[in-house]
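Remarks on the structure that follows.
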Amino acid sequence: MGLFSSKKCEVCGSIDSASMNVFKILDVQSQPYAYDVNATYSLIPEGYAFAFSDVNKSNLNGTIFFYKLSNANSFHLICSLQCAFNYSVKESALVIYADPENEKILRGITPQTLKINKGLGNPEHTKYRGQPIGRRS
Ligand SMILES: [Zn+2]
């Protein structure tokens, strides 16, 4: 049985769930950002842990979102990226999961994920997909 006694999605209640790692977000700040400004991630304000943005060549004046995280993290059973996004909005949480297409890539879903994917022009079927946050060693 492993870590969980039930296999039920915590968000929608369906069975046969995957597990995703969750960090809580303490605060989000955002600012407008132009594509031709260099060094996106060096703009992270003091005390913020990381940033996602919806800026690219086709969205030159997008937004960069900065996140502060609480230290506590936990594993939760969540069945889909849509449920992970709903969880993220409800709990103000970062949901981390391994990309099913390349398990070495970790992705993060935040309450801004839908807006970010739309701003980046990502296809409709990937609208809940998290942004890449790093690699598993
Ligand atoms: Zn679910």
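The values are calculated or read from the model by the stated rules, or taken from the named source; none is laboratory data. This one's a predicted model, so the numbers in the text were calculated from it and none came from an experiment. Here the Cβ positions follow ideal geometry from the backbone for every residue, glycine too, while neighbour counts run over all protein chains shown.
Please specify each residue of the range 13-50 satisfying the condition of being at pLDDT 90 or above and either over 16 Å from the mean Cα position of the chain (by Cα) or under 17 Å from residue 131 (Cβ atoms) (or both).
Of everything in the range 13-50, those that are at pLDDT 90 or above and either over 16 Å from the mean Cα position of the chain (by Cα) or under 17 Å from residue 131 (Cβ atoms) (or both) turn out to be 13, 14, 15, 20, 21, 22, 23, 25, 28, 29, 30, 48.
Would you pick out the residues in the range 72-102 that are away from the ligand (no atom under 15 Å from the Cβ), over 13 Å from residue 20 (Cα atoms) and either in contact (Cβ under 8 Å) with a residue 40 or more places away in the chain or in a strand (DSSP E or B) (or both)?
Correct list: 72, 92, 102.
Scan the range 115-130 and give yes if some residue there is free of Cβ contacts under 8 Å to residues at least 40 places away in the same chain, assigned to a strand (DSSP E or B) and farther than 21 Å from residue 35 by Cβ, otherwise no.
Taking the range 115-130 as the starting set, the residues that turn out to be free of Cβ contacts under 8 Å to residues at least 40 places away in the same chain are 122-127.
After this cut, where a residue has to be assigned to a strand (DSSP E or B) as well, the list is none.
The answer is no, given that none of the residues of the range 115-130 is free of Cβ contacts under 8 Å to residues at least 40 places away in the same chain, assigned to a strand (DSSP E or B) and farther than 21 Å from residue 35 by Cβ.
Could you list all residues from the range 116-126 that are buried (at least 16 other Cβ atoms within 10 Å of the Cβ) and within 13 Å of the chain's Cα centre (by Cα)?
If the condition is that a residue be buried (at least 16 other Cβ atoms within 10 Å of the Cβ) and within 13 Å of the chain's Cα centre (by Cα), then 116, 117 are the ones that fit.
For residues that are buried (at least 16 other Cβ atoms within 10 Å of the Cβ) and of a type in the set (S, T, N, Q), tally how many sit in the range 96-112.
2
Test each condition in (1) farther than 22 Å from residue 11 by Cβ; (2) buried (at least 17 other Cβ atoms within 10 Å of the Cβ) for residue 78 and report the one that comes out false.
(1)
Quick check on my filter: what residues within the range 42-71 are among the small types (Gly, Ala, Ser), in contact with a strand residue (DSSP E or B) (Cβ under 7 Å, 6 or more places away or on another chain) and outside any strand (DSSP E or B)? If you could, list the steps in order and put the result at the bottom.
Looking only at the range 42-71, we keep the residues that are among the small types (Gly, Ala, Ser), and these are 42, 47, 49, 51, 53, 58, 62, 70.
Checking which are in contact with a strand residue (DSSP E or B) (Cβ under 7 Å, 6 or more places away or on another chain) leaves us with 47, 49, 51, 53, 62, 70.
Result: 47, 49.
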